[in-house]
Amino acid sequence: MRETTGGRGVDVVYDPVGGELTEQAFRSSLEANPADAPSMLGLGEIAFRAKKLDEAIDWIQRAIKAAPNSADAHLSLGRAHTLKNEIPQAEAA
């Protein structure tokens, strides 16, 4: 994927439907930079759209650890918890 992005990051190959290219780009970016919060959040979004809520929550929580002030990550975590009907966790997110 490095050839695809020119080493500039995964946002260059953003695929709004979360296709295979996007997932590969996020994973490749994490290999190069294990603390890349946007890639973690992207993988969480892909899992969320696939209705894999536990996996989504795991990725989103990793993103929050890497970037605690990310409003997008906190919003995504609340959304995933809401869909699992985990209202106290959603409110805390």
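The accessible-area ordering, largest first, of the residues 46, 60, 87 stands as 87, 46, 60, per a 1.4 angstrom probe.
Placing 74, 81 in order of accessible area, with the largest value first and a 1.4 Å probe, yields 74, 81. Rounded, prolate or oblate, given the Cα gyration tensor of the stretch 46-93, with a/c below 1.5 counting as rounded? Note, shape of the stretch 46-93 comes out oblate.
The heavy atoms of residue 79 present about 90 square angstrom of accessible area, all protein chains included, probe 1.4 Å. The stretch between residue 92 and residue 35, if pulled fully straight at 0.36 nm per residue, gains 18.2 nm over its current Cα-Cα span. Electrostatic tally near residue 71: other residues with Cβ closer than 15 Å to its Cβ, Lys and Arg +1, Asp and Glu -1, net -1.
The values are calculated or read from the model by the stated rules, or taken from the named source; none is laboratory data. Bear in mind the structure is a predicted one, so any value in this text is a computation, not a measurement. Glycine gets a Cβ as well: all are built from the backbone with ideal geometry, and neighbour counts include every protein chain shown. With ligands, DNA and RNA removed, areas are computed over all heavy atoms of the protein, side chains included. Shrake-Rupley method; radii C 1.70, N 1.55, O 1.52, S 1.80 Å.
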